[in-house]
Every structure is written in structure tokens, then in C-alpha cells.
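All remarks here apply to the structure that follows.
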């Protein structure tokens with residue numbers, strides 16, 4: 001029996017795809033990575049994943065785990081490899097409102113988890129633009145972030161327990177429903193964010209939080225990034241840490257959104273250089289009872305804080321959403337970032353993190369340097385400002401590979417020189433291997449390689465991703 | 001040059017202690033572990049730690065990292081080994097109020113960090129009874145918890161960056177000041193909680209949070225543990241997640257505290273079976289402005305919620321601290337737990353975690369089983385209830401080693417059978433090795449051993465701790 005027959009025997013012939021049937025897996029979402037996989041196996045259970053990996057381990061067959069495939073770094077690129085697609089493992093095994101947790105398989109789409117939690121007046125806080133296709137497995141494997149990290153943390157912070165199939169096919173059961181567990185090394189943290197190179201995440205125990213009863217959502221124009229960060233500190237104090245999103249969009253982003261979105265309206269009467277989408281949430285009934293004018297106490301609280309900031313000159317203009325439709329429109333603008341950013345022909349998208357006190361310096365420096373090597377280049381910024389996470393996209397005047405790589409290197413080097421990171425929430429995949437080699441502490445790289453060798457001695461799991469060759 | 005001469009040359013002769021000078025390190029805080037170390041080296045810098053480990057690595061010399069030595073599991077027990085004491089590395093390298101972080105060396109005493117943060121109106125939230133002696137290095141190496149985990153998480157959750165010296169002496173620089181960083185594996189999470197078996201933590205970048213402007217602190221009598229957990233859920237909603245502590249003390253604990261503490265007063269007019277210490281904090285000015293009666297809006301909010309719970313029968317009695325002295329007295333009672341628990345002659349102290357919906361079952365079951373094997377035995381409970389973390393202490397009628405071990409095994413097995421953990425916040429050290437062997441998933445144990453072999457191939461770092469022999 002050859003390898004594909006053996007795999008078909010495990011998952012059933014209908015769930016082993018080859019040739020044209022595998023075509024959707026031959027191209028990534030960005031279009032930047034193309035290549036035909038050997039085959040796509042779509043297991044229906046953890047036991048099947050285990051059997052597949054046993055075979056692959058023995059045969060030294062490269063295996064690329066995949067789920068929603070909305071990643072931006074080529075981490076699911078699988079030319080000639082076996083794609084292990086978790087999309088059929090899409091059960092929410094349990095949802096427990098009392099202890100507030102969900103047990104979800106890797107193939108559960110984030111939005112389905114949002115809906116399931118909402119039915120119990122709970123919330124799974126991890127959310128981002130691709131939530132309608134991204135799946136739990138990929139979100140955890142890349143330690144995804146998004147617009148809610150400020151309040152609730154990254155994907156990592158939502159995980160209580162994890163089920164992982166190791167390279168050998170052994171199943172590592174870490175499915176604890178515990179808020180504290182110091183019984184040995186924190187293994188789950190090793191697999192979250194490892195992009196499938198250390199094991200295959202098949203299920204997780206995820207924390208849920210109470211759903212806010214009230215939101216105060218606003219578009220705010222500020223004079224500078226520094227003013228915005230100071231405003232954030234004050235808003236956190238005023239609301240007792242209730243800021244759920246603090247998203248930065250500059251003038252060019254607002255303008256591009258207007259141009260590209262039929263029916264869209266500008267947030268302010270006149271355009272501003274620096275714009276923030278603010279959302280504050282509260283679960284407290286005292287914040288949610290609307291007054292005679294329809295405004296909730298939370299909205300009044302935020303409005304008051306913004307009015308004070310206006311007097312201080314920290315805010316230039318502000319518009320509070322008066323109803324859910326206005327709130328949705330504000331979010332639609334922010335969540336269309338991928339569409340707005342990636343429709344222009346050649347781009348270099350980046351995902352850097354900076355210490356909060358270096359953000360302005362980063363933006364100024366990277367623009368100056370881009371102009372030096374490509375005076376006609378354009379750029380676009382969108383940022384999870386409270387996390388220090390900037391998505392800086394450059395549109396160079398030419399699209400040859402070397403030039404694009406030089407611009408990426410420039411952005412990543414600028415961030416690193418300011419004590420930042422070249423990967424904040426998108427991971428490394430293939431697109432940031434050069435930056436891993438150039439900027440990561442060599443001791444850290446060697447340590448990661450030692451861990452990889454210990455857990456995947458034959459190097460079958462997502463080979464060539466995350467870790468540059470020594 | 002022999003080994004001790006070489007070590008003395010690194011740290012200076014005054015900082016290499018042997019014989020009687022090393023006596024304080026020959027006994028742990030609980031008194032349960034005694035044994036003379038080969039020597040105690042007290043390095044003054046990361047470079048010295050590196051040099052010591054290079055020598056130890058070459059000589060295959062066992063090295064036991066130590067700092068405040070307030071641990072409860074024997075993790076710093078070092079008979080015949082070199083104690084690497086971090087206590088001289090006690091600098092706060094930087095405290096940055098803007099981005100709200102502190103860069104502290106491993107030998108910084110927690111209380112000093114609390115004071116340094118308070119001077120900037122900030123807070124380092126990790127706190128527990130031993131805060132006056134426990135140090136950053138030990139707190140991180142054991143992933144310590146305490147009374148504030150509900151709001152701010154365990155030690156792990158306070159860490160942005162880490163400096164670690166590996167077994168080889170190489171220095172791993174992970175000292176990022178970033179809130180997001182997905183550039184490769186989450187190495188810092190591997191060293192936090194590893195009890196010095198994978199590397200020696202020498203410094204950390206730690207998150208600070210705004211200091212609450214208002215507290216509402218109360219002693220609450222409840223009819224049952226289940227009622228307490230439901231009350232907690234409601235209080236979290238009412239206060240928008242503001243509950244900082246929700247500490248459980250039963251009647252026996254309150255009684256023991258009264259007996260052992262001169263001048264102490266009972267929390268209620270008549271004793272109750274189940275008592276909670278509640279603390280809610282808020283940074284919001286709107287919560288802190290006292291009204292004409294001196295009560296802050298936060299106190300009124302909590303008082304109102306408790307009054308409603310009284311009507312529902314969820315609360316039997318409640319006393320709100322009216323001033324800082326009353327608040328301190330409530331905390332003094334809770335923080336004297338170690339003194340109260342450990343003054344009786346023979347005890348088995350445990351530290352288990354349970355899913356929140358199994359807590360009552362655990363307490364009932366463990367008491368029944370203890371009575372079966374030792375009908376005259378007594379017990380004591382104190383719990384971080386919101387985290388599902390119970391410190392169950394048994395006082396058997398005899399103190400022979402086998403009997404004590406059997407009782408520990410009974411408690412740990414009961415917790416594990418209810419999907420709990422035998423170690424919530426104290427770690428494994430030596431005292432929980434038997435439970436690691438008995439209850440930990442064998443795949444998890446093998447995975448941990450593979451990581452240990454990869455990072456410490458000669459097994460010099462805190463040998464014999466955390467991982468039971470295969």
C-alpha cells in the first residue's frame with residue numbers, strides 16, 4: 001500500500017484530495033505563495049490526526065497543518081507536502097456557561113464561536129477582520145491578536161487547555177479547565193504561536209467572558225500619536241480599564257476607505273491626520289441603563305472624558321456612536337483594513353510591535369528611510385495603538401522581488417533598532433524568515449532549534465517555517 | 001585551581017559561602033528539607049551567573065538556583081549542590097511610568113517592587129503572604145499566584161520580558177518591553193514556572209497597572225461554596241470585572257486566627273461556616289469621590305450588591321471595611337494563613353486546583369476519605385476561590401512519613417479525579433514528585449523530559465526537581 005492509499009484508508013477516500021481537488025490549497029489568501037501540495041488530508045477526529053502523523057513520521061513526509069488559511073505570512077504554504085486540514089474538526093464539544101468556557105475543535109470558525117457564546121450572554125473576545133473564515137486552530141497556532149487584545153489579551157491568553165498531536169502521532173492531552181496549574185512546564189504556551197512546527201493543535205479549552213451590556217464607541221481625531229497614547233491612559237483610568245479597542249487610522253486610510261466603499265461617509269466634517277476608533281465596554285448594569293436622552297451612563301462617562309480632552313487640546317474632534325448602526329459603521333471601516341490595504345498592485349505588508357514610547361519615532365523614521373530608497377513610494381498605516389502594534393504597508397514604485405524584500409528589511413530593521421519586534425501578531429511563516437535570521441537573538445534561535453529538534457526529530461512538521469536554517 | 005577556588009574567583013571570596021556560613025541555605029522555610037549544600041555562590045551580575053554556569057556545566061556540578069527561599073515544595077533544597085543565590089542581584093534597573101513597566105533583577109524582594117511602583121501611583125499586582133521575603137526570581141520560577149490572580153493573573157501574566165542564563169552559561173536575552181511579540185516560540189513561558197530546571201532567571205520586564213483609587217473590602221458570610229461562586233459572578237458583572245480578591249476562609253480558619261492572634265476580633269457577631277474576604281478595586285475617579293457619609297460610590301455599589309444578595313439568601317452577613325485600618329485587619333487575617341496553618345506539629349499542606357463547578361465535591365470527598373484513613377485527623381482550608389485554588393491542610397493523628405505521604409496522595413488523587421491539578425500555584429519541587437508520577441499524562445511527562453534534555457543536556461540545573469525519574 002502506498003502512502004496516499006494508507007492516508008485514504010485513515011480519513012476515507014472522499015477526504016483525501018489530490019490534483020485539481022487540492023487546488024484551493026495550492027494558493028494562499030494573499031496570492032503570494034503558490035504551489036501544489038502532494039495531497040490534502042481532512043481528518044475527522046483527533047485519532048485520525050494521530051494515525052496520519054504516525055505514518056508521516058515513519059515516512060519522513062512533510063506535513064503542513066492548515067485550518068482557515070487566512071494567515072498573512074505563508075505559514076500554510078505546502079508545495080509537495082501533505083496538507084493536514086483541520087476544517088472538518090469543527091465541533092464545539094462543550095460550552096459551559098457556569099465556569100465560562102468553551103471546548104472547541106481546531107476547525108471551528110471564530111464567528112461560530114462568537115455566536116455560540118453570545119447565545120449564553122457570553123463573549124469569546126478574540127476577533128479580527130477574517131473572523132468569518134479563520135479557525136480556532138490557526139488562530140491559536142499563530143497566537144492571533146486583533147482589535148480586542150488591549151482588554152482581553154492575544155489568542156494565548158484565552159487558552160486554558162489544549163489538545164495537541166505530536167510529530168510522533170502521540171496525543172498530548174492538556175485539556176485542563178483550570179485557571180491555575182503549575183504541575184510542570186507550561187507546555188500549552190509552547191504550541192500556541194508555534195505555527196504547527198512543534199505539534200498539531202486539534203482542540204482547546206477557551207475562556208469566555210461576560211458580554212458587555214453597554215458599549216461606548218467613538219471616532220476621535222487627535223493631534224498626534226503621543227496625544228493618543230496619553231488619552232488612552234486617561235480613558236483607562238476613567239473607565240476602570242474598560243477600553244476594549246483603541247485603533248489607529250491615519251488620514252490616508254480614511255480616504256482610501258471612502259474611495260473604495262460605496263455609501264461610506266467620512267467620520268468628521270473635515271479630514272484629520274490622526275484618527276482613533278475607541279470602544280469601551282462594560283458589563284455593569286449601572287453603566288447600561290439609558291437616561292431620558294437615550295444615552296447610557298457609559299456613553300456619558302466617555303463623552304465627558306472626551307470633552308475634557310478637547311479642552312486640553314488632546315482631542316480635536318470626536319463623534320460618539322448613538323446607536324448600533326453607527327457603531328457597526330465605525331467597525332466596518334476598521335475591519336475593511338485588509339481589503340483596503342491589499343487591493344493595490346504591489347505591496348509590502350508588515351506587522352511590527354514597538355515599545356509604546358517609540359511609536360512616533362518608528363513612524364517618522366520608517367517613512368524617511370522609505371523615501372530614501374524609493375522616493376515615489378506610498379504607504380498606509382493602521383495600528384492597534386494600545387498594544388504598540390503597527391501594520392505599516394508600503395506601496396513601492398516597482399514590484400521586483402529584491403526591492404520588496406529590501407523594503408520589508410528596512411521596516412523590520414527600523415522596528416528592531418527601536419527595541420521592537422518584526423512580528424507582533426501575524427507570526428513568522430515564510431515571509432519573516434529573513435528578519436528572524438537578521439534580528440533574532442542567536443541564543444534565542446539556537447534555543448528554538450533545540451526545542452524543535454526535541455519535539456520533531458525528523459523535522460516533518462511544517463518544515464522551513466518559523467526557524468531559518470542555521 | 002579547584003572548583004570552589006574558581007567560583008570564589010568569579011564572585012569574590014566574600015560571596016562564596018561554605019560550611020557554617022552556608023547554614024541558612026541548609027534548611028528550607030518549612031523545615032521539612034535539610035541538607036548542607038556544597039557551597040553558596042552569590043553572584044552580583046548576570047555575567048557572573050553566566051561564568052558560574054559555564055564552570056558547573058563543564059564540571060557536571062549540580063546547581064540549585066535560589067532567591068527568597070519562601071517556597072513550600074522543597075524546590076530550593078540543595079544537599080551537596082552549589083546554591084546559586086540571586087539575592088545580591090536586587091536592583092530595579094528601571095521603572096517606566098509612561099509605558100507602565102519595571103525592569104527588575106531576580107533578587108528584588110516583591111515588597112520593594114510594590115513600594116517602587118506605588119511611588120509612581122502604579123501597582124505590581126502579584127502579592128502573597130511572603131511578599132516581604134519572596135523575590136522576583138523565585139516568584140517567576142514558580143509562577144507564583146496569590147490573592148490578586150483573579151484580576152491580574154499569575155506571575156506568568158505579569159512578564160513581558162525575561163533574561164535567562166542557560167545551563168551552558170549562554171545568556172538568553174528576551175528582555176522585550178512589548179505587549180505583542182510573535183517572533184518565534186514563546187520561550188519566556190517555558191522558563192516561568194520551570195523552577196530553575198531549564199535555566200536561571202536573572203531579570204524580567206514586568207507589567208505595572210494603575211493603582212486603584214478606591215477599594216471596597218468586605219467580609220462576607222455565605223451559606224455554601226456554590227452560593228459564593230454565584231455571588232462572585234454577579235459581583236464581577238456589577239463591578240465590570242473589578243473583583244481583585246475573593247478569598248475563602250471557613251469557620252475553623254477564623255477560629256484559629258482568633259486563638260493565635262492577640263487582639264484579633266471576630267469578623268461577625270456569631271460564627272459562620274463559610275466566609276469570604278472580598279476586595280473590589282477601581283481606578284476610576286467616579287468611584288472614588290466620597291459622599292457626605294464618607295462612603296465612596298464604589299463602596300455603595302458593593303454594599304448595594306451585597307444587600308441584594310442578602311435578600312436572595314446568597315449572603316448571610318456582610319461587613320464592609322469603613323476605613324483603611326479595618327481593611328488592613330481583614331487582610332491581616334487572610335495573610336496570616338501560613339502562620340496559622342503551619343504552627344501545628346504535623347501537617348500535610350496541599351495546593352490543588354479544581355474546575356469551579358467541582359469545588360464543593362472536592363471538599364466533601366477529601367474530608368470523607370481523610371476520615372476513612374485517619375478518623376481522628378483534623379483539617380484546615382483556605383482558598384483563592386475565584387481561581388478554583390484550594391489550600392487543603394490535613395493534621396493527621398500521627399506524623400510518620402508513610403502516613404503523611406498517603407494523605408498527600410489522597411488529596412492529590414481526589415483533585416485529579418475531579419479533573420483538577422495537584423499543583424495550582426506552589427509548583428512541584430520535591431514534595432509533589434510522587435503526584436507528578438502518579439497523575440500527570442505520560443505523554444506530557446515525556447514531552448517535559450525531552451525539553452529538559454534539550455536545554456540542560458548534562459542535567460545540572462536543579463536536578464531531581466519537577467520531573468520524576470522515568
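Structure notes:
- Residue mean of other protein chain beta carbons inside 10 Å, A:191-201: 2
- For residue B:312, label point 7 Å along C-beta direction: distances to other copies, nm: 3.7
- Angle in degrees between helix B:442-455 and the longest Cα principal axis of chain B, rounded to the nearest 10: 50
- Over the protein assembly as shown, dividing the summed -39,500 (n - 2.57) contributions of all DSSP H runs of at least 4 residues by the number of residues returns a 222 nm mean residue ellipticity of -10000 deg cm²/dmol.
- Globularity ratio of the range A:283-365, using Cα Rg and 2.2 N^0.38 Å: 1.53
- The range A:344-433: mean projected area of Cα convex hull, nm²: 5.4
- According to the Kirkwood relation over distinct C-alpha pairs, the hydrodynamic radius of the range B:1-144 is 15.9 Å.
- Förster-model FRET efficiency, 41 Å R0, residue A:437 and residue A:4, C-beta, rounded to 0.05: 0.75
- Cα long-axis angle, helix B:324-335 against chain B (0 to 90 degrees, to the nearest 10): 60
- Share, in percent, of DSSP beta bridges within the protein assembly as shown that are antiparallel, nearest 5: 85
- Förster radius 60 Å - calculated FRET efficiency between residue B:27 and residue A:252 (Cβ-Cβ, nearest 0.05): 0.35
- The range B:267-341-the range B:16-93 distance, computed between alpha-carbon centres (Å): 42
- Computed over the range B:110-202: relative contact order in percent, which uses C-alpha pairs under 8 Å that are six or more apart: 27
- Here B:310, A:82 are placed in order of increasing Cβ neighbour count within 10 Å, fewest first, which gives B:310, A:82.
- Remark: spin-label model distance residue B:303-residue A:59 equals 7.3 nm, labels positioned 7 Å along the Cα→Cβ axis.
- Neighbouring partner chain Cβ atoms per residue of A:230-240, average, 10 Å criterion: 4
- Kirkwood hydrodynamic radius of the range B:3-85, from inverse mean 1/r over distinct Cα pairs, in Å: 12.7
- Averaged over residues, the count of other Cβ atoms within 10 Å places the peptides A:262-268, B:114-120 in the sequence B:114-120, A:262-268, highest first.
- In chain B, Cα pairs under 8 Å separated by at least six residues give a relative contact order of 16 percent.
- When all alpha carbon pairs of chain B are counted in 10 Å bins from zero, the resulting P(r) reads 4, 19, 29, 26, 16, 5, 1, 0 %.
- The slack in the chain from residue A:360 to residue A:234, taken as 0.36 nm per residue of separation less the alpha-carbon distance, amounts to 43.5 nm.
- Nearest-ten-degree value, helix A:297-312 long axis tilted from longest Cα axis of chain A: 70
- Per-residue Cβ neighbour rank within 10 angstrom, fewest leading, B:258, B:231: B:258, B:231
- Listed peptides A:152-163, B:194-205, A:181-192 appear in the order B:194-205, A:181-192, A:152-163 once ranked by packing, highest mean of other Cβ atoms within 10 Å at the front.
- Counted by neighbouring Cβ atoms within 10 Å, the residues B:237, B:303 run from fewest to most as B:303, B:237.
- Normalised by 2.2 N^0.38 Å, where N is the number of residues, the C-alpha radius of gyration of the protein assembly as shown stands at 0.94.
- Here the calculated FRET efficiency for residue B:458 and residue A:446, from their Cβ-Cβ distance with R0 = 22 Å, stands at 0.85, rounded to the nearest 0.05.
- Computed on the range B:3-85, with alpha-carbon pairs under 8 angstrom and 6+ residues apart, the relative contact order is 36 percent.
- Alpha carbon convex hull of the range A:214-337, projected area averaged over orientations, nm²: 7.5
- Maximal additional length on extending the residue B:369-residue B:405 stretch stands at 11.5 nm, based on 0.36 nm per residue less the C-alpha distance.
- Ordering of A:66-79, B:430-443 by packing is A:66-79, B:430-443, highest average first (other Cβ atoms within 10 Å, averaged per residue).
- Cβ neighbours within 10 Å from other chains - mean over B:423-429: 3
- Each distinct pair of alpha carbons in the range A:92-210 adds a 1/r term; the inverse of their mean, the Kirkwood radius, is 14.1 Å.
Values quoted throughout were computed directly from the atomic coordinates according to the rules given, and no laboratory measurement underlies them. As the structure is a computational prediction, the values presented were derived from the model and not from experiment. A quick note on method: Cβ atoms are made from the backbone with ideal geometry, for glycine too, and the neighbour counts reach across all protein chains shown.
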